[in-house]
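Heads up: the structure comes next, in structure tokens.
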Amino acid sequence: MVRRFSGELVLVALLAAAGVYVLVQTPEIVVPRSAATAGPRLFPYLIGGLLVGLAVLLAVQVLRGRSAPPEEGEDVDVDRRTDWRAMLVVIVLFAAHALLIEPIGWPLAATVLFAGTAAVLGARRWLVVLASSFGLAIGLWAVFVFGLGAYLPGGPFQMWT
């Protein structure tokens, strides 16, 4: 049995909760009468079941004492403490992104998110950071809007659609 707290058990709980949520919400999907045998509920049931099944399998492995080895990446310093300030700033950036999408459009909101995150993580070449953040945001917006046909508010770039 596990004698100490395992972060992998948190993953087990999150996987199980996500799977149960999907399985509980799937019956709420409205199925049109014209739906084929494999209607719109098939994949949510499949994904929810797989999430719960994966959570069970992972829980068995963790409780048997088989856990993943610690990260030994070359750029990870396991002795260094978590930078809670940076983490809080990134969370605020995500919240700001969500709030800014409608008023200024997705490309500009994403530029704020990308550039802010890069700055928090230590980027110092501001012009390069802003240019690459803007280019990535416009590129992703174009893929979703023009390539996939999804709606993302364009703000000042809405005239392109």
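Residues in the range 8-30 that are loosely packed, with under 11 Cβ neighbours inside 10 Å and not acidic (D, E): V10, V24, P27, V30. Out of G135, G122, G147, one residue alone is of a type outside the set (D, E, K, R) and on the phi > 0 side of the Ramachandran plot. It is G122.
Okay, residues lined up against (1) closer than 24 Å to R85 by Cβ; (2) of a type in the set (K, R); (3) surrounded by fewer than 16 Cβ atoms within 10 Å (Cβ to Cβ); (4) within 20 Å of the chain's Cα centre (by Cα):
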position	(1), (2), (3), (4)
A98	yes, no, yes, yes
I101	no, no, no, yes
F114	yes, no, no, yes
A142	no, no, no, yes
P156	no, no, yes, no
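A search for C-beta distances below 9 Å between a residue of the range 138-159 that is under 15 Å from A109 (Cα atoms) and any residue that is part of a helix (DSSP H, G or I) and among the polar types (S, T, N, Q), counting only pairs 6+ apart in sequence or on different chains, returns I138/T111.
Read-outs throughout are calculated quantities, based only on the coordinates presented, and are distinct from any laboratory measurement. Here the structure is a predicted model, which is why all the values come from computation and not from measurement. Ideal geometry is used to build each Cβ from the backbone, glycine not excepted, and the neighbour counts take in all protein chains shown.
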